[in-house]
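Here's the structure, in structure tokens; my notes come after.
The values are calculated or read from the model by the stated rules, or taken from the named source; none is laboratory data. Every value quoted in this text rests on a predicted model; they were computed, and no experiment measured them. Note that we place each Cβ from the backbone using ideal geometry, even for glycine, and neighbour counts take in every protein chain shown. The area values use the complete protein model at the heavy-atom level, side chains included, leaving out ligands, DNA and RNA. Shrake-Rupley method; radii C 1.70, N 1.55, O 1.52, S 1.80 Å.
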Amino acid sequence: MSAQKPADLSEATVHEIANSRDEPDWLRETRLKALKAMDRLEMPDVIQTPGRKWTDLDQLDFDELADPLTQSDSTERVTDEGVEVLPFTEAVKEHPKLMKAKFGSVIDPETNYLTALSVALFTTGTFIYVPEGVDAEDVTIRTDMHSRSLFSHTLVVTEDSSSVTILERIDTGDTDVKGERYYSNLVEVAAGENSYVQYGSLQTLDEETYNVTMKRGDADVYSTINWIEGNIGSRLTRSDIETELNGDSSESQIVGAFFGHDDQHFDVNARVWHKAEHTTADLVTRGVLDDTARSVYEGVQDVGRDAWDTNSYQRENTLMLSDDSEADASPKLIINNHDTEASHSATVGQVDQEDLFYLTSRTIPERTARNMLVEGFFVPVLEEIEVDELREDLEALVAKRLRE
């Protein structure tokens, strides 16, 4: 059964968005096609057991949440030498052929109801183009959301033998909007041969906001796509981070961290498809839950029939600080050939009482001792984050939450 399209969402809405941005015909038609597809598309798959969905996306009431013609944001874009970082409105004019060829090539707009909705309605977005041979480290995108709903789309294209490190920050800005809000963020990365992309994201939206993001990469021969995903804010986050290793000797790492309190809900998914020979993947996620917060994790390593000499590893750990918090994890290995080295693990538990006793016996107050153990719990993930600013910001946010 497909999801219900918002009552006031029509082709006229899409035309108004396209007209206001002076978009080319191909992008307008892509929007309209996505809008039409919503009538038959369903919500993303969620893990469920008999009688229970681990995440209830059907609670999203887009009649109330989606207000497409009043979208407002302030986005700061900082580039490095040799890299073009452009708003979509400029990119479709300056790189018309490249934009037409690559937009929607990594994330199919019709993947599910939420991707189609986002493609039909996005009003903010960034195009990052890294020419052949360029090495860049300081590309940043900082977005503040000012409206009830905001739909964003980012496209990253790297040419052969180039590299780029991108840091994305998402926060709630000044807004008079009362009640629930909705933020959608699609990110496509098309990595050329022998190129390197590191994409780090830190989300600190307020806890009245539903946050849905899909980030997906297509890795060519000898290329690397690494993701860092930090989630601290939002009421409910649905995060899908995915890489297709389509080129021989391509690699991907997905590093995730979340910290939930009150009644926050995090549905975190990391997926890698090994489709070529000699590919490598490493999935590392750690999360902490307090109060009545809840997390759901699914990790998938899919090794194809022709993906010989594959190395694929996955580990997820959740630490619960409250008896009322709840965590579920579902790591999966799908292996279709015998020349594979792979492992997966997931753990859920509470603060080790022996460690806590050891620290308190050394005159350290119990709350301080607990916070020290939580900060130490995140260290294996923080050590994997090569972007200094992102690692330091995440450390500071964890410390701040522990003091609350």
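Pick from Thr111, Thr347, Thr360: which is most flexible by mean-square fluctuation in a GNM of the chain where alpha carbon atoms under 10 Å apart are linked?
Looking only at Thr111, Thr347, Thr360, the largest GNM fluctuation is found for Thr360.
Kindly sort Val85, Val374 by accessible area of their heavy atoms, largest first, with the probe set to 1.4 Å. Don't skip to the end; give the middle numbers.
Working: Val85 25, Val374 0 Å².
Most to least solvent-accessible, the answer reads Val85, Val374.
What is the dipole size for the chain, taken about its Cα centre, with +1 at each Lys and Arg Cβ and -1 at each Asp and Glu Cβ, in debye to the nearest 20?
Numbers: 37 positive and 82 negative charges, 161 e Å.
So the magnitude is around 780 debye.
Given a cut-off of 30 Å, name the pairs among Lys5/Lys215; Lys36/Lys100; Lys178/Lys400; Lys97/Lys215; Lys332/Lys400; Lys100/Lys178 whose C-alpha atoms lie farther apart than that in the structure shown.
Working: Lys5/Lys215 23 Å; Lys36/Lys100 20 Å; Lys178/Lys400 25 Å; Lys97/Lys215 23 Å; Lys332/Lys400 34 Å; Lys100/Lys178 38 Å.
In this structure, Lys332/Lys400; Lys100/Lys178 exceed 30 Å between Cα atoms.
Starting from the Cα of Lys93, draw a straight line to each of the aspartates and glutamates and keep only those under 14 Å, dropping any in the same chain fewer than 8 residues away.
Candidates past the 8-residue exclusion: Asp22, Glu23, Asp25, Glu84.
Once the piece of chain linking Ser161 and Asn311 is laid out straight, how much longer is it, given 0.36 nm per residue of separation minus the C-alpha distance between them? Write down the numbers at each step before the final one.
Working: separation 150, 0.36 × 150 = 54.00 nm, distance 2.31 nm.
Taking Ser161 through Asn311 to full extension adds about 51.7 nm, to one decimal.
Which residue fluctuates most in the GNM of the chain (Cα springs below 10 Å): Ile141, Ile334, Ile228?
Ile334
On the full set of protein chains, 1.4 Å probe, figure out the accessible area of Thr165 and give it in Å² to the nearest 10.
In the full protein context, Thr165 sits at about 20 Å².
Ignoring everything except DSSP H segments at least 4 long, calculate the 222 nm mean residue ellipticity for the chain; use -39,500 (n - 2.57) per segment, divide by total residues, nearest 500. Don't skip to the end; give the middle numbers.
Numbers: 9 runs with 91 residues, N = 404.
That calculation yields -6500 deg cm²/dmol at 222 nm.
What are the residues whose amide H is under 5 Å from the amide H of Asp138, where those residues sit 5 or more places off or on another chain and H is modelled from the backbone?
Under 5 Å from the amide H of Asp138 lie the amide H atoms of Thr165, each far enough along the sequence or on another chain.
With a cut-off of 8 Å between alpha carbons and a minimum separation of six or more residues, what is the relative contact order of the chain in percent?
Values: 1026 pairs, mean separation 38.3, N = 404.
Value for the chain: 9 percent.
Would you list, by chain and number, the aspartates and glutamates whose Cα falls below 12 Å from the Cα of Lys275, excluding same-chain residues fewer than 8 positions away?
Within the straight-line limit of under 12 Å, Lys275 reaches these aspartates and glutamates: Asp218, Asp220, Glu244, Asp248, Glu251, Asp302, Asp306, Asp309.
Which whole-number percent gives the relative contact order of the range 290-404, counting Cα pairs below 8 Å spaced six or more residues apart?
Values: 150 pairs, mean separation 26.6, N = 115.
The value is 23 percent.
Could you calculate the contour length gain from Asn19 to Asp263, that is, 0.36 nm times the residue separation minus the distance between their Cα atoms, to one decimal place in nm?
Full extension of this stretch gives 83.8 nm more.
May I ask which residue of Thr123, Ala37, Ala12 lies farthest towards the positive end of the charge dipole of the range 1-142, with charges of +1 (Lys, Arg) and -1 (Asp, Glu) on Cβ and the Cα centre as origin?
It is Ala37, whose Cα lies furthest towards the positive end.
Taking 8 Å as the Cα distance limit and 6 or more residues as the minimum spacing, I'd like the relative contact order of the range 1-149 as a percentage. Please list the in-between numbers first.
Values: 186 pairs, mean separation 54.5, N = 149.
Reported as a whole number, the value is 37 percent.
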